[in-house]
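The values are calculated or read from the model by the stated rules, or taken from the named source; none is laboratory data. Here the structure is a predicted model, which is why all the values come from computation and not from measurement. In this analysis, Cβ positions are derived from the backbone assuming ideal geometry, glycine residues included, and neighbour counts consider all displayed protein chains. Keep in mind that these areas ignore ligands, DNA and RNA; they rest on the heavy atoms of the full protein, side chains included. Shrake-Rupley method; radii C 1.70, N 1.55, O 1.52, S 1.80 Å.
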Amino acid sequence: MSSTLIKQARIFDGSQNPSFVGDIRIVDGKIEEMGVSIAPRPADEVVDATGLWCTPGFIDFHTHYDAEIEVAPDLSESVRHGVTTITLGSCSLSLSLGDPTDLADMFSRVEAIPRKNVLEILKSKKTWNSAKEYKDHLNSLPLGPNVTSFAGHSAIRTHVLGLERALTKGEKATKQELNQMQSHLEEALDAGFLGLSINTLVWDKMDGSRFRSRPLPSTFAPWSEYQFLNKTLRNRGKVFQGVPNVSTKINLLMFLWEAFGFFRKPLKTTIISLMDVKFDPNLYKLLHWIGRLTNKIFKSDFRFQALPEPFDLYADGMDVVVFEEFAAGAKANHIEDELERKTLVKDPKYRSFFKRQWTNWFLPRVFHRNFKETKIVDAPDANLIGKSIDQIAKERGVHSVTAFLDLIADHGNKIRWYTVMANHRKEPLRKIVSYPDILIGFSDAGAHLRGMAHYNFPLRMLKLVNDSHLEKRPFMSLERAVYRLTGEIADWFGLEIGYLKKGKPADLVLIDPSKLDDSLAKDVEAPMPFMENFQRWVRRNDDTIKKVFISGKLAVDQGKPVKALGKEKGYGRFLETTLGK
């Protein structure tokens, strides 16, 4: 019998109840006692948590760890920040069903993970081909965090129709094929999957050589296909997760229509993402009121996903997902060979095309496309580092688009630049994380390895709220901030976690509140040994997290993952949703 006694922590139980300074005893992986003062036993390993916060483990319900978990099941880049539960199968992409090559082509480019590595992982590891087999497989791994999953629509559609038909415009599934898709979805739901994820965003593109640059299979489905599958979700009380097509406003209305509960059972629906985007400073207000009306007037159960931190991006040359939103950027990213891409950007016709699209204010956009808002962080020419692309253009006496294309033509992906795309203003961000119609999430952890690093978003949320208390201008209680990261998410997805309660699994985090500081934004490039030391952009703030326990076992100690994490079983497990039960 193992027994740990945590002494004199400030305990947040995940429920919005007032926090208190007290003790927690963990016995055999579960919380045995919680109270103001618990007497030690001889067998207890006593942890002095004076001055620390104790919270339930955080939940990251939007990740793309699907490939990484096969070779590094510790998922320590999330666990080290206090995340004890993650979700696979987002954005229509799931590895539970399908051919390894098809899955690698679907998964790699849109999530900015090297296809070579994804394909090698799948070819060497994939022995399953159903949701139940996938769940059993995940439970056979020495998981670090707990794992939940969506069934991915792109994977299901491709498995039933074949990749070519699934990627062909106007190709509709027959009634028999729809029933086959429904059968695969039912099997996933029977296995405890959260629901179904779809993707309607046409600038999420295929990798590989067979169908390179076509949008994902899910985008080719008529809305009637989603509606057919949503009948199953609605009847069983499961979740519909979606990526809207931001290039058209009609698409968002279709998601809202699916969510509506007026005169029918509501469909639990969550989509990405509510942000304060630089391009449109009032958009977040409009989306807020859309969410409010959808839930209040139309009796829905709808949630936007939202990040509690600046949405910043790094790019190596033109390799950045937001360039897929306009045709000239997508044309360049279609080309894999760097020399061939350099040839393209030297072409006067292409340059004219790129400039017209970049400066066209009538084309739909999410990215601000403002070179004043960039900074070169690495380049073969050290004189470029620290300057914006617009500043370089002024020095050269050319248009900023010309300067950018010149940099790509000269240096290709060796030009690394940074920008902030959204959530750059403190007050709007505080409003967003306070809205009732959002869930705190959308980290994309495990994806966009060179471009995004939101692994520690729970700590950024706590800093945002704690700073307001230190400024004597609190906009949210600390208890509610913890609840938004734990209990609220667990309840919405039907997961029996998210709280510190007697008899519950001991998934908990010890945090030093004095280290909820600017170190949370400090970024580094970290090698990924299981991907030939590919350099991933991450944030490390090891002084903030003192300990993480998963199922009562110490997973992180003084900010560092323990050696047993990802090697020994007994930490995380596959969690089945209780929704509809």
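Here Asp337 qualifies as over 28 Å from Ile272 (Cα atoms), modelled with pLDDT under 95 and among the charged types (D, E, K, R).
When restricted to residues that are among the hydroxyl-bearing types (Ser, Thr, Tyr) and either closer than 18 Å to Glu373 by Cβ or part of a strand (DSSP E or B) (or both), the stretch 285-319 contains 1.
The single condition among (1) crowded, with 24+ Cβ neighbours inside 10 Å; (2) of a type outside the set (Ser, Thr, Tyr); (3) within 30 Å of Phe323 (Cβ to Cβ); (4) in contact (Cβ under 8 Å) with a residue 60 or more places away in the chain that Val118 does not meet is (4).
Taken over the stretch 550-578, residues that are out of contact with any Ser or Thr (no Cβ under 9 Å at 6 or more places or on another chain) and either modelled with pLDDT under 95 or among the β-branched types (Val, Ile, Thr) (or both) amount to 2. Close contacts from the stretch 244-262, counting a first residue that is within 29 Å of Trp361 (Cβ to Cβ) and a second that is small (Gly, Ala, Ser) and outside any loop (DSSP other than H, G, I, E, B), with Cβ to Cβ under 8 Å and a gap of 6+ residues or different chains, come to Phe255/Gly242.
Looking at Val524, Val538, Val548, just one residue is under 21 Å from the mean Cα position of the chain (by Cα) and under 20 Å from Ser19 (Cβ atoms), and that residue is Val548.
Is there a residue in the stretch 239-251 that is crowded, with 20+ Cβ neighbours inside 10 Å, out of contact with any helix residue (DSSP H, G or I) (no Cβ under 6 Å at 6 or more places or on another chain) and not acidic (Asp, Glu)? Scanning the stretch 239-251 turns up at least one residue that is crowded, with 20+ Cβ neighbours inside 10 Å, out of contact with any helix residue (DSSP H, G or I) (no Cβ under 6 Å at 6 or more places or on another chain) and not acidic (Asp, Glu).
Here Leu287 fulfils each of the conditions (1) open to solvent by less than 50 Å² (accessible area, probe 1.4 Å); (2) without any contact (Cβ under 8 Å) to a residue 24 or more places away in the chain; (3) more than 27 Å from Pro458 (Cβ to Cβ) apart from (3). Where helices (runs of 4 or more DSSP H) fall wholly inside the stretch 358-440, the ranges with 2 or more residues that are open to solvent by 30 Å² or more (accessible area, probe 1.4 Å) and farther than 30 Å from Lys268 by Cα are 389-396, 400-411. Only one entry in Thr232, Thr270 is touching a Lys or Arg at 6+ places or on another chain (Cβ under 9 Å), surrounded by 22 or more Cβ atoms within 10 Å (Cβ to Cβ) and touching a residue at least 24 places away in the same chain (Cβ under 8 Å), namely Thr270. Those helices (runs of 4 or more DSSP H) of the stretch 448-513 in which 3 or more residues are within 18 Å of the chain's Cα centre (by Cα), touching a residue at least 12 places away in the same chain (Cβ under 8 Å) and surrounded by 19 or more Cβ atoms within 10 Å (Cβ to Cβ) occupy 457-470, 487-493.
Of all residues in the stretch 163-204, those satisfying the criterion of being open to solvent by less than 30 Å² (accessible area, probe 1.4 Å) and in contact with a strand residue (DSSP E or B) (Cβ under 6 Å, 6 or more places away or on another chain) are Leu185, Ala188, Phe193, Leu194, Gly195, Leu196, Ser197, Ile198, Asn199, Leu201. When the criteria are applied in full, Phe530 fails the requirement of being among the aromatic types (Phe, Trp, Tyr), touching a residue at least 24 places away in the same chain (Cβ under 8 Å) and within 30 Å of Leu267 (Cα to Cα).
Do we have any residue at all in the stretch 215-228 that's over 23 Å from Val147 (Cβ atoms), in a loop (DSSP other than H, G, I, E, B), more than 19 Å from the chain's Cα centre (by Cα) and at pLDDT 95 or above? Yes, because at least one residue in the stretch 215-228 is over 23 Å from Val147 (Cβ atoms), in a loop (DSSP other than H, G, I, E, B), more than 19 Å from the chain's Cα centre (by Cα) and at pLDDT 95 or above.
Scan the stretch 13-34 and tell me whether some residue there is open to solvent by 10 Å² or more (accessible area, probe 1.4 Å), in a strand (DSSP E or B), more than 30 Å from Val538 (Cα to Cα) and free of Cβ contacts under 8 Å to residues at least 40 places away in the same chain. Yes, the stretch 13-34 contains at least one residue that is open to solvent by 10 Å² or more (accessible area, probe 1.4 Å), in a strand (DSSP E or B), more than 30 Å from Val538 (Cα to Cα) and free of Cβ contacts under 8 Å to residues at least 40 places away in the same chain. Among the residues here, Asn333 qualifies as surrounded by 14 or more Cβ atoms within 10 Å (Cβ to Cβ), in a helix (DSSP H, G or I) and either in contact with a Lys or Arg (Cβ under 8 Å, 6 or more places away or on another chain) or of a type in the set (Val, Ile, Thr) (or both).
Residue by residue, here is whether (1) modelled with pLDDT of 95 or more; (2) in contact with a Ser or Thr (Cβ under 7 Å, 6 or more places away or on another chain) holds:
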| position | (1), (2) |
| --- | --- |
| Arg480 | yes, no |
| Asp491 | yes, no |
| Ile497 | yes, yes |
| Ala506 | yes, yes |
| Ser514 | yes, no |
| Phe530 | no, no |
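Residues that are assigned to a strand (DSSP E or B) and either surrounded by fewer than 20 Cβ atoms within 10 Å (Cβ to Cβ) or not hydrophobic (A, V, I, L, M, F, W, C) (or both) within the stretch 541-581 comprise Lys546, Lys547, Lys553, Leu554, Asp557, Lys560, Pro561, listed in sequence order.
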